[in-house]
Amino acid sequence: MAGFTESALSKKLEDLNASQQSIQTLSLWLIHHRKHYATIVKTWMRELISAEESRQLTLMYLANDVIQNSKKKGPEYGKQFGTVLKKAFEIMGGDSCSEKTQKSLHRLLNIWEERGVYSKETIDEFKTALGCGKKRKSMGDASPPKKKIKVKENKHKPMIIEKEPQTYVKDDEEGGKELHVTLSPVTDIIDPPEPEELIKALMELENSASSDAAIREKIANLPPEVSEINLLSRLEDRRMGEALLRQVNEAVSLLADYNARLINEMSERKKVSGLLRDFIQSQRGLLIQAENRSQECKEKLKKIYQVRNEVKSRLQNLPDMQQLPNVTGGLAPLPSVGDLFNVS
């Protein structure tokens, strides 16, 4: 991989385009040279300030790819980008922010929040800096453009088809090779979750409120007096009334706490549902790509077999070049280099 220089970085940023391959190739190069993260982020920010809106979005996708794919190697990029992203969102936001860019950036921020790339407080700061959503509402931009219907027409088409996965091999710190299949966000599409992230989210659901048998048993065993008004007629004195009031308060506390847990579980299940959807779509895309590659390899293998058979056939008709005919008609070995220069 080419060495790092500021001029090389500027040239690569200049050549960057919105295609997935271009974004991921440069992202791979930046992650490889992560020890220069401060210079890289500074140059990235300078490029974003002077770029047009569409190119700014491409640069933001590049930052997203670098931030998310460098988490396992180290937090340098995430922290360094975090110092300039608020300013970047301020530059990209405002009244001139198009609806497409607004939607893309807000979805990117939501993904960062869901995956814990940045804290909720930091994400809120980024959203405030972006600001174009609030400004548009205040300007009376009521109904969305009718062009949005096109998205609904393609809702059965896997999103992953719109961005073909790419496979890269990069050097690790020990000099070995690492194989990476990555899916960078192009247009409004965001990377699918890592398998480890998905497994962790599913395991956390095992301890959800709906699976808490002990609490459900307590709720089922609550006395009927706490929930049926017509049974209040059984109260005979103040002591019985105070005892019932304590039971009702305990039931209210129990049910309120359990209901809050259920609401939180619903939110978590929606999040996991989204992760599963993105993961399944990405796997479908990878499956299509693998099947295409497999077919290509089969066709190449078939051609190689044909060449091998042709070579075998021709070998049978070729003379043995290890031996040459002598004057008597017999076969003599080829002369050595020493024989060729022997004067006698």
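Selection of region 206-222 for residues being among the acidic types (Asp, Glu), at pLDDT below 85 and either surrounded by 10 or more Cβ atoms within 10 Å (Cβ to Cβ) or within 12 Å of residue 254 (Cα to Cα) (or both) yields only 212. Here residue 86 fits the description: in contact with a helix residue (DSSP H, G or I) (Cβ under 6 Å, 6 or more places away or on another chain) and either over 30 Å from residue 198 (Cβ atoms) or in contact (Cβ under 8 Å) with a residue 12 or more places away in the chain (or both).
For region 1-24, what are the residues that are among the hydroxyl-bearing types (Ser, Thr, Tyr) and without any contact (Cβ under 8 Å) to a residue 12 or more places away in the chain?
Kept after step one, since they are among the hydroxyl-bearing types (Ser, Thr, Tyr), are these residues of region 1-24: 5, 7, 10, 19, 22.
Within region 1-24, 5, 7, 22 qualify.
Looking at the structure I just gave you, is residue 273 assigned to a helix (DSSP H, G or I), hydroxyl-bearing (Ser, Thr, Tyr) and at pLDDT 85 or above? For residue 273, the condition - assigned to a helix (DSSP H, G or I), hydroxyl-bearing (Ser, Thr, Tyr) and at pLDDT 85 or above - is met. If the condition is being modelled with pLDDT of 90 or more and either of a type in the set (Lys, Arg) or not assigned by TED's automatic domain parsing to the domain that holds residue 40 (or both), then region 69-106 contributes 79, 86, 87.
Inside region 1-14, residues that are in a helix (DSSP H, G or I) and farther than 19 Å from residue 92 by Cβ make up a count of 8.
For region 15-133, give me every one of the helices (runs of 4 or more DSSP H) that falls completely inside it and has 2 or more residues that are basic (Lys, Arg) and surrounded by 14 or more Cβ atoms within 10 Å (Cβ to Cβ). Lay out the reasoning, then the answer.
Details: elements: 20-32, 37-50, 53-69, 76-82, 85-92, 99-114, 120-130.
Answer list for region 15-133: 99-114.
For residues that are of a type in the set (Gly, Ala, Ser) and either touching a helix residue (DSSP H, G or I) at 6+ places or on another chain (Cβ under 8 Å) or over 22 Å from residue 253 (Cα atoms) (or both), tally how many sit in region 223-242. Spell out how you get there, then give the answer.
First, the residues of region 223-242 that are of a type in the set (Gly, Ala, Ser): 227, 233, 241.
Now restrict to residues that are either touching a helix residue (DSSP H, G or I) at 6+ places or on another chain (Cβ under 8 Å) or over 22 Å from residue 253 (Cα atoms) (or both): 227, 233.
The number of residues fulfilling the criteria is 2.
The values are calculated or read from the model by the stated rules, or taken from the named source; none is laboratory data. What you see is a predicted model; the values in this text were computed from it and never measured. Methodologically, a virtual Cβ is constructed for each residue, glycine included, from the backbone with ideal geometry; neighbour enumeration extends over all protein chains shown.
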